[in-house]
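Each remark here refers to the structure printed beneath this line.
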């Protein structure tokens with residue numbers, strides 16, 4: 001069992017902010033960088049939180065961060081090459097399923113006996129989610145949004 005994907009400490013809502021930010025940047029189709037404040041305003045997020053999300057995406061080479069007075073963010077590669085699984089992994093999400101199950105376990109025999117089965121369930125669910133997210137590109141999300 002591979003628990004690496006569930007061992008981060010970022011909340012799941014970061015994934016939503018990340019995808020919304022990427023869609024916004026994709027729609028701009030700009031060669032110049034977009035400031036985090038502009039992105040935050042357009043997706044109704046706090047700029048400070050969004051900078052942390054975007055920094056994680058920059059470390060994963062999903063967005064390019066430009067510092068300075070004319071700085072900001074832009075996509076680091078074409079929309080068709082950005083997989084949602086890469087976004088998820090870049091953020092090191094620790095989902096509510098993992099924390100919810102782990103928080104319910106007591107220190108008694110029953111709680112100890114359930115630690116491994118709960119970890120297996122969460123690991124399996126995470127692997128299924130990653131497998132699904134690896135089939136969806138940012139371009140797919142943008143195209144689905146345009147259809148509505």
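Structure values in brief
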item: Any chance residue 112 is over 20 Å from residue 17 (Cα atoms), in contact (Cβ under 8 Å) with a residue 60 or more places away in the chain and loosely packed, with under 14 Cβ neighbours inside 10 Å; result: no
item: Yes/no for residue 89 being modelled with pLDDT under 95, under 11 Å from the mean Cα position of the chain (by Cα) and part of a helix (DSSP H, G or I); result: yes
item: The lone exception for residue 36 - which of (1) modelled with pLDDT under 95; (2) within 17 Å of residue 82 (Cβ to Cβ); (3) surrounded by 20 or more Cβ atoms within 10 Å (Cβ to Cβ) it fails; result: (2)
item: Meets criteria (modelled with pLDDT under 95, in contact with a helix residue (DSSP H, G or I) (Cβ under 6 Å, 6 or more places away or on another chain), closer than 18 Å to residue 15 by Cα and assigned to a helix (DSSP H, G or I)) for residue 98; result: yes
item: Those residues of segment 29-48 which are within 22 Å of residue 145 (Cβ to Cβ) and either touching a helix residue (DSSP H, G or I) at 6+ places or on another chain (Cβ under 7 Å) or free of Cβ contacts under 8 Å to residues at least 24 places away in the same chain (or both), in sequence order; result: 29, 34, 36, 39, 40, 41, 42, 43, 44, 45
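The values are calculated or read from the model by the stated rules, or taken from the named source; none is laboratory data. Here the structure is a predicted model, which is why all the values come from computation and not from measurement. In this analysis, Cβ positions are derived from the backbone assuming ideal geometry, glycine residues included, and neighbour counts consider all displayed protein chains.
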